[in-house]
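The values are calculated or read from the model by the stated rules, or taken from the named source; none is laboratory data. Values in this document were obtained by computation on a predicted structure and should not be read as measured data. Please note: Cβ atoms are built from the backbone with ideal geometry, for glycine as well, and neighbour counts cover all protein chains shown.
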């Protein structure tokens, strides 16, 4: 009986060791994985304070030239609708320093400006077109506008832990933001555009299903300050900070 129990105990230990070895083998990954990759992604912008145009400064009132505000007026933040985000990326990790790489990333989203009450503040003595305007605070109902943002991050610096199938990573780099606002309100129709430079920061994790195919999820933070010129149809010019938080997931192919 004791001999049988001993054999059973050794068998149990051997089975546990085999399972542990299989688990470690499933998590570990060779460092010689191909380093160039392309990927597609889909995601969404988050709700909350990051889903606004903030620090909004009115720069001019639109209409004829010479209507610049000095000093600038200010407005309360304008709410943005949650929006799908579509994008893709291409990157390369260096063989000699396989934890470090570079990545080009681009995305498209339409977080339209929502209709709602907006507080407008103009200081007493503000100069407009050679004259002055009375100051004060006023709450107005601003209409919603169509809003589009294309983000191109041409040079993300990428850092990853690549000793397992699951590989956490972080990335940071400059970004170019191409935005457009289209106003459809009758009498104020027009389009305003702004192209600015900002920052793209992200953190995520990637899991290798095979040597060449992986899936990933990431959270991204963007920051820039747009500047929209006024239109002759009467749409006012303004500056605003854009800093969304975006969650996305996708699939990559590694060459």
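Key figures for this structure:
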read-out	value
Single condition residue 175 does not satisfy, out of (1) surrounded by 20 or more Cβ atoms within 10 Å (Cβ to Cβ); (2) in contact with a helix residue (DSSP H, G or I) (Cβ under 9 Å, 6 or more places away or on another chain)	(2)
Flag if residue 200 is in the same structural domain as residue 93 (by TED's automatic domain parsing), surrounded by 16 or more Cβ atoms within 10 Å (Cβ to Cβ) and not in a strand (DSSP E or B)	no
Residue 191 vs. criteria touching a residue at least 40 places away in the same chain (Cβ under 8 Å), crowded, with 16+ Cβ neighbours inside 10 Å and within 24 Å of residue 83 (Cα to Cα)	no
Flag if residue 171 is under 14 Å from the mean Cα position of the chain (by Cα) and in the same structural domain as residue 247 (by TED's automatic domain parsing)	yes
Criterion (without any contact (Cβ under 8 Å) to a residue 60 or more places away in the chain and within 30 Å of residue 186 (Cβ to Cβ)) met by exactly one of 238, 228	228
Filter result for residue 224 (surrounded by fewer than 19 Cβ atoms within 10 Å (Cβ to Cβ), part of a strand (DSSP E or B) and in contact with a strand residue (DSSP E or B) (Cβ under 9 Å, 6 or more places away or on another chain))	no
